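The values are calculated or read from the model by the stated rules, or taken from the named source; none is laboratory data. What you see is a predicted model; the values in this text were computed from it and never measured. Note: ideal-geometry Cβ built from the backbone for every residue, glycine included; neighbour counts use all protein chains shown.
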Amino acid sequence: MHRRFVITLLTAVLLTGMLSAVTPAHAGHGTVVRHTSLGLVKGIDEDRSTGTFSWLGIPYAEPPVGDLRWRAPVTHRPWQGIRDARRYGQGCIQEGRMFSPSPSGPHYGLDIRDGLDKPVGSEDCLTLNVFRPSTPQRNLPVIVFIHGGSNMVGYSADPMYDGRALARRANAVVVTVNYRLGVLGWLDLPGLKTGDPHTDSGNFGTLDQIESLRFVNRNARAFGGDPSNVTVMGESAGAVNVWALMVSPLSKGLIDKAIPLSGGLQFSTPSLARTYAEAFADEAAGATDDVVSRLRSMPAEDLIRAQVRRGETAGDPPRVIADGVVLPEDYHAAIAAGEYRDIPVLAGNTLEEGKLFGSAIGAFRPTDYQRFTWQYQFDPDRRAPLKVRDFIVDEYLPADRPGGWNDAADGLTDSIFTRLALDSMGSLQAAGHDGLYYYQFGWDQQPAPFDTVYGAVHAIDLPFVFRTFDEGFFAFSFSRKNEPGRLQLSNLMIAGIGAFVRTGMPQHPALGAKWEQWPRSMVFDAGNRKASARPGEVETR
């Protein structure tokens with residue numbers, strides 16, 4: 001190795017070691033360098049604008065390509081020199097849907113609609129992003145966020161998950177994570193067995209999340225975080241993953257608190273997973289003597305196309321598999337036996353979750369392409385010609401009549417989300433868990449017609465948790481008129497998260513009421529001018 005390079009590298013390491021967890025280590029204009037277990041990373045200094053530092057696209061595992069496809073993740077090899085961490089990594093390859101990345105990269109834009117039902121993203125995708133306040137503080141709590149999307153779609157670069165505001169306002173280190181999705185994330189095909197129990201589980205996406213937590217455990221201090229205070233937060237499928245991590249024997253020592261939003265304990269059986277895997281293999285590889293070799297050599301885009309074709313008749317592949325190694329075969333029995341992470345839990349649901357899933361009952365009139373277009377182009381500060389009838393079919397109108405759109409969506413909310421919350425929180429409570437908190441989110445102040453079409457819909461609480469109102473899927477909801485109330489509401493929610501990640505309790509003075517444990521709840525809502533938080537109760541029978 002060249003002597004000058006060695007001296008330069010050693011100097012950078014020494015300087016970063018002294019400064020990384022305490023003060024900004026500047027390496028040129030607008031950059032911040034930190035020393036991780038894998039090497040130096042150069043991030044973004046936004047001290048004067050957002051009051052944050054951020055590091056984007058840090059690889060935590062080797063690209064799961066070639067021989068590493070459908071294998072447990074391998075810790076990324078160390079790199080030499082300073083790695084540029086100022087751009088998001090690619091989203092994991094997936095079937096394009098409403099919450100997918102753009103076909104041209106990991107960003108949000110109108111061209112997302114052009115990727116609908118097509119392969120988007122990359123197989124080389126196992127990266128994470130780190131955000132923290134631009135202060136000298138050490139030992140900040142760490143929040144690791146796992147995105148949702150049915151474990152089929154999604155990406156950590158979604159602007160809804162931008163961690164800067166949450167990091168600054170909760171005074172925490174925020175980490176957002178990519179993980180394998182769909183058939184590349186969960187596939188229990190007998191021919192893929194290697195004898196390694198983790199690989200043989202088929203839970204590759206779950207193992208990715210665990211590997212990312214190991215990276216956080218090893219490197220929290222490099223970013224000013226406390227590795228002994230890590231909260232795992234996720235929404236929708238991300239919450240399913242958080243619950244899975246709570247009962248996985250592999251998460252020991254890696255998580256200290258949990259915030260699962262709009263999801264619960266929901267595992268697939270091995271028999272269901274294997275039935276799908278074998279049918280998928282036939283669909284993807286066709287008639288061949290060596291199915292596994294064919295599957296391993298196929299372009300990832302062709303695998304996603306086969307998944308789309310298979311989905312037309314068999315639905316999405318089973319995810320989060322109760323394999324008995326990575327995850328227990330019976331989570332109820334595991335919880336009853338005390339085999340789970342006994343940690344504080346802050347769960348939540350929106351009051352109209354089901355309104356995002358009108359396609360499941362044929363309620364949406366436009367195609368996803370048209371619906372995405374209308375929403376993306378909608379100006380929330382100008383009256384628009386759009387009506388509820390443009391979005392909802394006549395069968396469910398008027399929306400407020402018995403059996404109308406509101407009732408139908410309530411049925412979806414209760415049968416899917418409320419049931420999951422009752423089952424998951426109830427299991428922990430029955431096992432003697434005494435640190436369970438829950439919120440319900442009721443904000444529905446969108447401009448017409450979206451106040452009726454969506455209201456307090458699934459995932460609408462995320463822009464309030466992250467304070468990301470300016471860009472993303474729900475940007476059509478946020479007007480100047482409703483700004484005062486929603487900003488107050490965001491403040492209340494972030495303050496609760498900040499308290500929870502420090503103390504294990506979400507109580508804080510601004511609530512003006514006591515936040516009692518499950519089955520009591522805190523109901524968050526706001527009008528256009530003012531936010532409110534009031535105690536509520538969940539019907540557990």
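Just one of (1) within 24 Å of F131 (Cα to Cα); (2) modelled with pLDDT under 95 fails for E312. It is (1). Taking the numbered list (1) crowded, with 21+ Cβ neighbours inside 10 Å; (2) among the hydrophobic types (A, V, I, L, M, F, W, C); (3) in a loop (DSSP other than H, G, I, E, B) in turn, L254 passes all entries but (1).
Here's the yes/no breakdown for (1) surrounded by fewer than 19 Cβ atoms within 10 Å (Cβ to Cβ); (2) part of a helix (DSSP H, G or I); (3) in the same structural domain as T52 (by TED's automatic domain parsing):
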{"site": "P385", "(1), (2), (3)": "yes, no, no"}
{"site": "R389", "(1), (2), (3)": "yes, yes, no"}
{"site": "P402", "(1), (2), (3)": "yes, no, no"}
{"site": "A409", "(1), (2), (3)": "no, yes, no"}
{"site": "D444", "(1), (2), (3)": "no, no, no"}
{"site": "F464", "(1), (2), (3)": "no, yes, no"}
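Within the stretch 475-497, one or more residues are surrounded by 19 or more Cβ atoms within 10 Å (Cβ to Cβ) and outside any helix (DSSP H, G or I). Residue selection: V41 satisfies the criterion of being among the β-branched types (V, I, T), under 27 Å from F204 (Cα atoms) and either in contact with a Cys (Cβ under 9 Å, 6 or more places away or on another chain) or outside any loop (DSSP other than H, G, I, E, B) (or both). Within the stretch 193-237, the set of residues being under 28 Å from D45 (Cβ atoms) and in a strand (DSSP E or B) comprises G225, D226, P227, S228, N229, V230, T231, V232, M233.
For D316, the test of being of a type in the set (D, E), in a loop (DSSP other than H, G, I, E, B) and out of contact with any Leu (no Cβ under 9 Å at 6 or more places or on another chain) is passed. Given the condition part of a strand (DSSP E or B) and outside the structural domain of V232 (by TED's automatic domain parsing), answer yes or no: does some residue in the stretch 500-519 qualify? So far as the stretch 500-519 goes, no, none of its residues is part of a strand (DSSP E or B) and outside the structural domain of V232 (by TED's automatic domain parsing). Residues considered: S248, S293. Of these, the only one that is surrounded by 24 or more Cβ atoms within 10 Å (Cβ to Cβ), more than 25 Å from F357 (Cβ to Cβ), not charged (D, E, K, R) and not assigned by TED's automatic domain parsing to the domain that holds A72 is S248.
Beta carbons closer than 6 Å, at least 6 apart along the sequence or on distinct chains, pair a first residue in the stretch 207-224 that is at positive phi with a second that is surrounded by fewer than 23 Cβ atoms within 10 Å (Cβ to Cβ) for G224/A21; G224/R138. For the structure I just gave you, tell me whether S424 is out of contact with any strand residue (DSSP E or B) (no Cβ under 6 Å at 6 or more places or on another chain), modelled with pLDDT of 95 or more and not acidic (D, E). In short, yes.
All told, G81 meets the bar of being modelled with pLDDT of 95 or more and surrounded by fewer than 16 Cβ atoms within 10 Å (Cβ to Cβ).
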